[in-house]
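Throughout, read-outs are computed from the coordinates displayed, never taken from laboratory work. On a predicted model such as this, the values are computed, not experimentally measured, just so you know. Methodologically, a virtual Cβ is constructed for each residue, glycine included, from the backbone with ideal geometry; neighbour enumeration extends over all protein chains shown.
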């Protein structure tokens, strides 16, 4: 089984489209977002990822992890089961204060 890693930084997240592969693919896919600009100053910040998946209207909170200054979203098969475009927002919170947010787009392509 292969591995697909899509990388971005919090700074360029808005200008990038992360390509998560094809519907039904059995490849380990993860999005790795370098958030050093926030996490170096706020290493204890809470990080929340919200996404609107392709074909959906509801906001969904995928499971993520933080490793150093990287926020990692390992996509599940269910998250890759529909073709189309989606939107994600990373938010960094210190207590009740929102430190920074970043919004980006992603796609899941149709399989043949």
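Points to keep in mind about this one:
- Selection count, segment 11-23, where residues are surrounded by 12 or more Cβ atoms within 10 Å (Cβ to Cβ) and assigned to a helix (DSSP H, G or I): 1
- Of residues in segment 78-105 being without any contact (Cβ under 8 Å) to a residue 12 or more places away in the chain and closer than 18 Å to residue 61 by Cβ, the one nearest to the chain's Cα centre (by Cα): 78
- Residues within segment 1-10 that are more than 12 Å from the chain's Cα centre (by Cα) and surrounded by fewer than 13 Cβ atoms within 10 Å (Cβ to Cβ), tallied: 3
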